[in-house]
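Heads up, the thing below is written out as structure tokens.
Throughout, read-outs are computed from the coordinates displayed, never taken from laboratory work. Quantities reported herein were computed from a predicted structural model and do not represent experimental measurements. Ideal geometry is used to build each Cβ from the backbone, glycine not excepted, and the neighbour counts take in all protein chains shown.
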Amino acid sequence: MFQRNIGDVILEVQGISLSFGAMRVLNNISFDIRQGEIRSIIGPNGAGKSSMLNVINGVYHPQEGTIIFQGERRAEMKVHEAAAQGIARTFQNIALFKGMSTLDNIMTGRNQMMKSNLLQQAIYWGKAQKEELKHRKVVEEIIDFLEIQAIRKTPVGRLPYGMQKRVELGRALAAEPEILLLDEPMAGMNVEEKEDMSRFVLDINDEFGTTIVLIEHDMGVVMDLSDRVVVLDYGVQLADGSPDEVRNNQAVIDAYLGVAH
Amino acid sequence: MIYREAGEFKSSYQADQAILTIRQDRWFIWGLMAFAFLVIPAISSEYWLTTIMLPFLILGLAALGLNILTGYAGQLSLGTGGFMATGAFAAYKLATAFPELNIVIVILASGLITSGVGILFGVPSLRIKGFYLAVATLASQFFLIWMFNKFGWFTNYSASGVISAPPMSVFNEILVTGPHATPVAKYLFVLTLVVLLTLVAKNLVRSNIGREWMAVRDMDIAAEIIGIPMLSTKLKAFAVSSFYCGVAGALWAFLHTGSVEPLAFDVNRSFQVLFMVIIGGLGSIMGAFLGAGFIVLLPILLTNAPHWFGLNIAVDTISHIEFMVFGILIIFFLIVEPHGLARLWQITKEKLRLWPFPY
Ligand SMILES: Nc1ncnc2c1ncn2[C@@H]1O[C@H](COP(=O)(O)OP(=O)(O)OP(=O)(O)O)[C@@H](O)[C@H]1O
Ligand SMILES: [Mg+2]
């Protein structure tokens, strides 16, 4: 195996509790994420994994607990601020822009870096065009990386599921994020598609040093890819550690791995 | 296989990002431009220019404005008429308060003023969507028309209530408004403005702002999570859209009818422009003009067609037929082809690209 390049803690979740009305979805969850690692969150359906990602990127506001991001305690933020802070994500139920092409979808991922104003874009020649070309080049690299050249101009609504998952990864990648949150990127895929996706995740982590938080149900994939794993079960944190530690944890075996999935 | 992109290899992303990437498309557009600027003025009768071409171009521009808001940014609006009225009255106030102002400036400034009004009425769109937003914009439609009727200031306290556009000229001598302006001068003036503004719209929708609009339209929560600010993106759509509607309203009053009256911009106008967008194609620039052409031409066709076949149908019957045809078409396009005529055109082109081989 290659040398893992894992740095300091980049994001720390401390005592997070989240409720919707009377329902407690997350109960006193604490873990940290280190720079450059692949950090998985696993747990049965309804465990609160997706909710945890929504807390991390500021869509859900927990009632208790704090998040320390890049050394600073993070204040409650608006939904659109996560992108500016360098947090990008994909969604469990693909959230692409269905009427737009693959290319345009991935280009939207770079909206934070687009600086030309409305007037410049109206005239197009000059600054707006230069900017378009510059970002188009990066997006083309992403398209090559994800091997989706052939569907560049296809409206994503017409693409098969596996391809849509890839385009969504491309859109998140286009933001050049510090932390990439992947919510079940391989769900519903066949073995080959899973292998491709695993390779992309590893390559992103390896080549760009992107920190990745991964939610995945396929235990084989999780154990292969992850540096560390957090296990949730109905909002409660059962375990946190290396794949081996988690695999051998009795509470996890009882509550989760023992159950057929 | 005559119409195709094969053999045209793009050596740069710049070439690939051009507005028209297929050579035949470029020829088509240049041909169309030559036809519109040279042939139509030469061969058209006064009747054609004033009763068909002017309304077609001006309403096409309004439809383009609405399509930016509804088709691209996904914000349904029934306030088009109100925004057109704002443009018309803004132009009237500007032209009478500053008679020395150039007509181009007057019209563009009216567009900007309408932008401001559009932004104001766009603020609720942050909170309300779809049907409720449509109702809110409908309220703004009624409010604006009521306001222009109610306050004499807008009509310079004219006693009759009918106010006519003052004569104005371009290049110091060519009259484009008022009773002495020639139809050809009016037509070329409107055509030039419409072509330039269409180019601007095309530029916007292929830039970052266009993608942000479509992202908000297709899935607003995902758009927000990738960092697109909801309010400013929606307000920009309202601003740009209202600019186009305002310019269209000013052109309608100054160059088409020659008089400024709120009745020309009532709620029927809002629906008419919305139908143009639906029939022409939501989210398509060409669709706005296809829809406008269709809706301007259909009544004329229906009025004249019976004569060609030697039939004699009463005028009111024809207008009933017209309503029925519109109704059926709108239902057809809403259910079967929400992307309208523009999409049908595109499918034809895709078929043509493969022709004569089915694969
Ligand atoms: N916005 C919300 N409002 C109300 N309840 C919610 C909301 N989001 C999540 N929940 C509830 O929180 C619980 C945890 O959901 P979550 O989606 O986080 O689970 P998960 O671990 O991602 O499950 P899965 O593996 O099925 O994706 C569920 O019971 C869900 O119904
Ligand atoms: Mg989930």
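DSSP assigns beta bridges within the protein assembly as shown; of those with both partners inside it, close to 60 percent run antiparallel. Calculate, for A:N248 and B:V123, the FRET efficiency according to 1/(1 + (r/R0)^6) with r their C-beta to C-beta distance and R0 60 Å; round to the nearest 0.05. Approximately 0.55, to the nearest 0.05. Given a Förster distance of 25 Å, report the FRET efficiency between A:A84 and A:S19 from their Cβ-Cβ distance, rounded to the nearest 0.05. Using R0 = 25 Å, I get an efficiency of 0.35. What the phi angles of region A:32-41 give under the Karplus curve with 6.51, -1.76 and 1.60, with θ = phi - 60°, is a coupling list of 10, 10, 9, 3, x, 9, 9, 10, 9, 10 Hz, glycine and proline written as x. Backbone amide hydrogens, once placed in the peptide plane, bring A:R34 within less than 5 Å of A:I10, excluding anything fewer than 5 places away on its chain. With the highest mean first, a sort of the peptides B:28-37, B:219-228, A:216-225 on other beta-carbon atoms found within 10 angstrom per residue produces B:219-228, A:216-225, B:28-37.
Applying both filters, DSSP loop and at most 10 other Cβ atoms within 10 Å, to the chymotrypsin sites (Phe, Trp or Tyr not before Pro) of region B:283-314 gives B:F309. Compute the Cα gyration tensor for chain B, then decide on rounded, prolate or oblate, letting a ≥ b ≥ c be the square roots of its eigenvalues: rounded whenever a/c is under 1.5, prolate when a/b is larger than b/c in the other cases, and oblate in all that remain. The shape class here is rounded. For a modelled paramagnetic label at B:N149, 7 Å from Cα along Cα-to-Cβ, the residues of region B:68-99 in reach, with backbone nitrogen under 18 Å, are B:79-89. Return the calculated 222 nm mean residue ellipticity for chain B, to the nearest 500 deg cm²/dmol, obtained by summing -39500 (n - 2.57) across DSSP H runs with n ≥ 4 and dividing by the residue count. Result for chain B: -21000 deg cm²/dmol, rounded to the nearest 500. Placing unit charges on the Cβ atoms of the charged side chains and taking the dipole of the protein assembly as shown about its Cα centre, the candidate lying farthest along the positive direction among B:H307, B:G152, B:L32 is B:H307. Pairs from the list B:K93/B:K150; A:K115/B:K129; B:K202/B:K351; A:K98/A:K137; A:K78/A:K115 with a Cα-Cα gap above 18 Å: A:K115/B:K129; B:K202/B:K351; A:K98/A:K137; A:K78/A:K115. Over the residues of chain A, the helix contribution to mean residue ellipticity at 222 nm works out to -10000 deg cm²/dmol, using -39500 (n - 2.57) for each DSSP H run of at least 4.
Modelled label positions at B:W48 and A:R34, each set 7 Å beyond Cα in the direction of Cβ, lie 7.8 nm from each other.
Would you please classify the overall shape of the protein assembly as shown from the alpha carbon gyration tensor, given that a ≥ b ≥ c denote the square roots of the eigenvalues, rounded means a/c under 1.5, and beyond that prolate means a/b larger than b/c while oblate covers the rest? Cα axes put the protein assembly as shown in the prolate bin. Among beta bridges from DSSP that stay inside chain A, the antiparallel ones total about 55%. Summarising the label geometry, the points placed 7 Å from Cα in the beta-carbon direction at B:S12 and A:Y234 lie 6.4 nm from one another.
Projected onto its three principal axes, the C-alpha set of region A:57-104 covers 39, 20, 16 Å, listed from the longest axis down.
From the square roots a ≥ b ≥ c of the eigenvalues of the alpha-carbon gyration tensor of region A:99-175, which class results: rounded (a/c under 1.5), prolate (a/b over b/c), or oblate? Here region A:99-175 falls in the prolate category. Please find the FRET efficiency linking A:M113 to B:W27, where r is the Cβ-Cβ separation and R0 is fixed at 51 Å, and quote it to the nearest 0.05. It comes out at approximately 0.90. The distance between label points at B:I347 and B:N102 comes to 4.6 nm (points 7 Å beyond Cα on the Cα→Cβ vector).
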